[in-house]
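Presented below is the structure to which this report refers.
Any read-out appearing in this document is the output of simple, stated calculations on the displayed coordinates, not a laboratory observation. No experiment lies behind these values; they were computed from the predicted model shown. So basically every Cβ, Gly included, is an ideal-geometry build from the backbone, and we count neighbours across all protein chains shown.
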Amino acid sequence: MIEIGTLCIKTAGRDGNNYCIVVDKINDNFVLIDGNVRRKKCNINHLEPIKKLDVKKGASTEAVCKVLEAEGIVIRQKGRPRKPAERLKKIRKQKEPLQKQKKKEEPKKEVKEEKKEKPKKIEIKEKPEE
């Protein structure tokens, strides 16, 4: 049976293969764990007990880390501040000077005028038969 202060290895979940200590017993199937894992409740079927350590009920995370260090277990750092990723600056199109814009508009007008000059349709009338 798993008791308060038992050093365990977590065998399931995202914190698997990490050392933890039982801090509190919730009921027959669940315990509160802390150590190299997130402090949370865990099913006792997901823990592999190793040995009993001297930890009080409801011990803080700092107290649990000190006990693990005394046992020679390396503590991984939690909640390290991260540097924000460098973002690329967007290159925006710059507006062209007004003179260049006018030059571009003039050829478009000429093209429109050419389209207006379509040849007229010629209707051929048939001569009536006599």
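Values as computed for the structure displayed
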quantity: log₁₀ of I(q)/I(0) at q = 0.14, 0.20, 0.25 Å⁻¹ - the range 6-70, Debye sum with one point per alpha carbon; calculated: -0.32, -0.68, -1.09
quantity: Taking the range 6-70 and dividing mean pair separation by its residue count, relative contact order in percent (alpha carbons under 8 Å, at least six apart); calculated: 32
quantity: Cα-projected label distance for residue 85 with residue 122, points at 7 Å along beta-carbon direction, nm; calculated: 7.1
quantity: Two-site label geometry, residue 69 and residue 9: point separation in nm, points 7 Å out along Cα→Cβ; calculated: 2.4
quantity: Residue order, fewest to most beta carbons within 10 Å, for 95, 10; calculated: 95, 10
quantity: Entries of 56/83; 51/83; 40/89; 52/78 with Cα pairs more than 31 Å apart; calculated: 56/83; 51/83; 40/89
quantity: Segments 66-77, 31-42 sorted - mean Cβ within 10 Å per residue, highest first; calculated: 31-42, 66-77
